[in-house]
Amino acid sequence: MNKFEQVLEEMRTLQARKRKDYGSDQDPLANIRAGAQFAGVPDWVGSLMRANDKMFRLSAAAKGSPLSNEGVEDSLLDLAVYAVHALTLYRETIPCRHWCAHRMNDDGNIYCEGCGQKTNVTWKEFQEVKNYVSEYRQGYELDED
């Protein structure tokens, strides 16, 4: 096993251990979903919010501040796991990667025009996620002026 694979295994072990504290057998991401619902954001964005907390910790450590409760390696592992959680939750919302090419059929279900897969969200939910992603991306565009 190479070093990258070792880190992936550490992430898997960390997730399995923390799932017992934060999630449930039925839903290992229940705590992230609950936090997102409380904040009024999509579940995958809730995971990004948690990742952002880790980024603040890591930023403080990078500036020389000591971390008293959890070290840099633990924070980096948590950050990586939150990124995987965000991807997992995002894929639950839009079950294929063609998020911009969907249509509603006469049966009222939403289908991907790229792969034909039926989604598990309403048209309103789909539009909300699509708009949120567009706004999020615009927030990171560089000013050309």
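Read-outs throughout are calculated quantities, based only on the coordinates presented, and are distinct from any laboratory measurement. None of these values were measured; they are calculated from a predicted model. Cβ atoms come from the backbone with ideal geometry, glycine included; neighbour counts cover every protein chain shown.
Want the number for residue 92 to residue 2: 0.36 nm per residue separation, take away the alpha-carbon distance, what's left? Numbers along the way, then the final one.
Details: separation 90, 0.36 × 90 = 32.40 nm, distance 3.07 nm.
29.3 nm is the gain from fully extending residue 92 to residue 2.
Give me the number: length gained by fully extending residue 70 to residue 113, i.e. 0.36 nm times residue separation minus the C-alpha to C-alpha distance, one decimal in nm. Present the calculation step by step, with values, prior to reporting the outcome.
Working: separation 43, 0.36 × 43 = 15.48 nm, distance 4.55 nm.
Gain on stretching residue 70 to residue 113: 10.9 nm.
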Checklist entry - So what is the orientation-averaged projected area of segment 1-107, using the convex hull of its C-alpha atoms, in nm²? => result 10.0 nm²
Checklist entry - Residue farthest toward the positive end of the dipole of segment 1-93, with Cβ of Lys/Arg at +1 and Asp/Glu at -1: which of 64, 2, 84? => result 64
Next on the checklist: Need the list of lysines near residue 118 for cross-linking: C-alpha distance under 27 angstrom, and skip anything on the same chain fewer than eight residues off.
Outcome noted: 130
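When 90, 82, 22 are ordered from fewest to most other Cβ atoms inside 10 Å of their Cβ, what list results? Display every interim value, and only then the final one.
On the way: 90 18, 82 21, 22 13.
Fewest-to-most ranking of 90, 82, 22: 22, 90, 82.
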Checklist entry - So which trypsin sites (Lys or Arg not before Pro) in segment 1-104 pass both tests, a DSSP loop state and at most 14 other Cβ atoms within 10 Å of the Cβ? => result 63, 97
Item to check | lysines whose Cα lies under 16 Å from that of residue 54, excluding same-chain neighbours fewer than 8 positions away | outcome: 18, 63
